[in-house]
């Protein structure tokens, strides 16, 4: 407990362990990830003062990651921080990053654990240089029994198999949002003492909402059911939905989902003709699955538009999917538009 009586992350995790919700190995793993996030928070907070803004690379050429995207200096730094922090702790059998082609087993020189860690080291990195909130997303799976040499295939487990998930948003405050399968909880970094402190226990997303988050610049590429859905939202009180909606879009999934967990809403990144060949825009393993578990544990819903997100069987480490998540009734409404369209077709 901190000096003002608030519950620190370490105490919270110990209490979860005593309640039988997690074991000591998973508790220590979450603490290692949280410490890495504190390091990333310091780097993000320094910005230009730390020389970490701008593209990674040399000789005027940007470094390109496995996703075909230009890497920022902070992308690379955040990835290195998470890799180094988790390599030697003894809690992992392997880890995978959105920034790397393949998963990485724990070196033989370090003790091995029973878990697999996946992470997006810095989500929304296009916002770094303009001082808009970015974040880290992570997901924890059990390593299959009997595995001695971890490969990509061992990570291909559906979202329902996650034993923990969370994100850290680096904004005016640094906030860690975490689930270990028993509710979704928020911890705020107390910079004076250097620890995460429980600030919201048992987040609950309102089932109904009047806010939606979507990149409207892609509207001309959307499928007909998405066109119809957003068209009805924009029609407001005079339309079939019978109420006015507001649109919010940060272009950082962590920031948009954090707003939804705080006050409700729906986040959509639908299938469109630009990303149809890839299956969608967002990554199932590094973004959609951990966010979907957090949202479901907070009473919300998450879908591809045609299937519950956490039921999707992954086919690749960097698989992409359409995403609808947030307030339960609004996600159900969006899914309904797709179901009616598909039935008619």
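Quick notes on this one:
- The set of residues from the stretch 124-151 being within 18 Å of residue 86 (Cβ to Cβ) and in a strand (DSSP E or B) comprises 135, 136, 137, 138, 139, 140, 141, 142.
- Checked against (1) surrounded by fewer than 16 Cβ atoms within 10 Å (Cβ to Cβ); (2) at pLDDT 80 or above, residue 50 meets all criteria but (2).
- Of the numbered criteria (1) modelled with pLDDT of 95 or more; (2) touching a strand residue (DSSP E or B) at 6+ places or on another chain (Cβ under 7 Å), the one residue 252 fails is (1).
- Failed item in (1) assigned by TED's automatic domain parsing to the domain that holds residue 25; (2) assigned to a loop (DSSP other than H, G, I, E, B); (3) crowded, with 19+ Cβ neighbours inside 10 Å, with residue 172 passing the rest: (3)
- All of 203, 260 fail the test of being assigned to a helix (DSSP H, G or I), within 18 Å of residue 295 (Cβ to Cβ) and in contact (Cβ under 8 Å) with a residue 60 or more places away in the chain, apart from 260.
- Selection within the stretch 180-199 - in contact with a strand residue (DSSP E or B) (Cβ under 6 Å, 6 or more places away or on another chain) and closer than 14 Å to residue 21 by Cβ: 180, 185
- Taking the criterion of being surrounded by 15 or more Cβ atoms within 10 Å (Cβ to Cβ) and touching a residue at least 24 places away in the same chain (Cβ under 8 Å), the residues of the stretch 187-198 that qualify are 187, 189, 190, 195, 196, 197, 198.
- So residue 188, is it under 19 Å from residue 290 (Cβ atoms) and not assigned by TED's automatic domain parsing to the domain that holds residue 319: no
- Some residue of the stretch 303-314 being free of Cβ contacts under 8 Å to residues at least 40 places away in the same chain, in a loop (DSSP other than H, G, I, E, B), closer than 15 Å to residue 267 by Cβ and within 20 Å of the chain's Cα centre (by Cα): yes
- Residues of the stretch 277-295 include none that is in contact with a helix residue (DSSP H, G or I) (Cβ under 6 Å, 6 or more places away or on another chain), part of a loop (DSSP other than H, G, I, E, B) and either over 17 Å from residue 160 (Cβ atoms) or in contact (Cβ under 8 Å) with a residue 60 or more places away in the chain (or both).
- Any hit, the stretch 174-192, residues being over 21 Å from residue 94 (Cβ atoms) and at pLDDT below 95: yes
- Some residue of the stretch 226-243 being surrounded by 15 or more Cβ atoms within 10 Å (Cβ to Cβ), out of contact with any helix residue (DSSP H, G or I) (no Cβ under 6 Å at 6 or more places or on another chain), part of a strand (DSSP E or B) and at pLDDT 95 or above: no
The values are calculated or read from the model by the stated rules, or taken from the named source; none is laboratory data. Just so it is clear, the structure is predicted and the values come from calculations on it, not from any experiment. A quick note on method: Cβ atoms are made from the backbone with ideal geometry, for glycine too, and the neighbour counts reach across all protein chains shown.
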